[in-house]
Each structure stands twice: as C-alpha cells, then as structure tokens.
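Novice: First the structure, which I've put down as structure tokens, then a few questions once you've had a look.
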Amino acid sequence: MQTKENKILILGMGNDILTDDGVGIKITKFLEKKYPLPNIIYDTLSLGGMEIIEYIRDFKMVIIIDAIKTQKISKKQLIFQIFTTFLF
C-alpha cells in the first residue's frame, strides 16, 4: 500500500450548499468519477487558511481547485490565470 508521500491530492475547496461556492467541490467529484487513478486521492474541504496545511502536508503534490465570484475578471482572464498557475 502506498503512503500519502507517494500520492497526489486533488482537493476541491468550497461549500456545496452555497451554489456560488461549490464549484471546486463539483469539479473534484467530476474528476474522481472520470479519472479514477490509484496514485490520486480526490477529496473536498470546506476549511480555509492554516487548517489546510495539516491536511495536505504529507502528499507528494497537491492540486487545489477553488473558485471566486467576481465582476472584475472576465471568464477568459480567469481561465488564463488557472492555466498559467499550473504551467509556471
């Protein structure tokens, strides 16, 4: 059995009760169904701040999926920011 040190965590953040804050959770659940891989753990959290560090600290890699609702950024800009975050 692999330990957390050898696994990737995909962590959906948000609150699935609130419709504008459940995007990270919904995407993570979709990815878990679409790509069930043995080295990836899919999970969701409604926590924030320093509480997350204890949860994620032993994983090889962590990908956090979260969203914000804003009128200041267009959808194209937001998608660009997501992809550049993963690339750089």
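A short reminder: the numbers here are calculations on the coordinates, not readings from a lab. Owing to the predicted nature of the structure, the values given are computational and were not obtained by experimental measurement. Cβ atoms come from the backbone with ideal geometry, glycine included; neighbour counts cover every protein chain shown.
Novice: Using θ = phi - 60° and the Karplus curve 6.51 cos²θ - 1.76 cosθ + 1.60, what whole-Hz ³J(HN,Hα) does each residue of the range 33-48 get, with Gly and Pro shown as x?
Specialist: Ordered by residue, 3J(HN,Hα) equals 6, 6, 10, x, 10, x, 8, 10, 10, 9, 8, 10, 9, 10, 8, x Hz.
Novice: Same structure, new question: Taking 0.36 nm per intervening residue step and subtracting the Cα-Cα distance, what contour gain separates GLU54 from ILE40 on full extension?
Specialist: Details: separation 14, 0.36 × 14 = 5.04 nm, distance 1.83 nm.
Extra length available between GLU54 and ILE40 comes to 3.2 nm.
Novice: While we're here: If each residue of separation counts as 0.36 nm, what is the full-extension length gain between ILE63 and LEU47 once their alpha-carbon separation is subtracted? The partial results should precede the final answer.
Specialist: On the way: separation 16, 0.36 × 16 = 5.76 nm, distance 1.53 nm.
Length difference between fully extended and current span is 4.2 nm.
Novice: Under a crude label model (7 Å from the Cα following the beta-carbon direction), how far is ILE17 from LYS29 in nanometres?
Specialist: Computed distance between label sites ILE17 and LYS29 equals 1.5 nm.
Novice: Could you work out the local net charge near LYS7, counting Lys and Arg as +1, Asp and Glu as -1, over the other residues with Cβ closer than 10 Å to its Cβ? Each step should come with its number before you reach the end.
Specialist: Numbers: positive: LYS4, LYS60; negative: GLU5, ASP58.
Within the 10 Å Cβ shell, the charges total 0.
Novice: Now for a different question. With a 10 Å radius around each residue's Cβ, average the other Cβ atoms per peptide and rank 36-49, 4-17, highest first. Write out the running numbers ahead of the final one.
Specialist: Values: 36-49: 13.1, 4-17: 16.6.
Descending packing order for the listed peptides: 4-17, 36-49.
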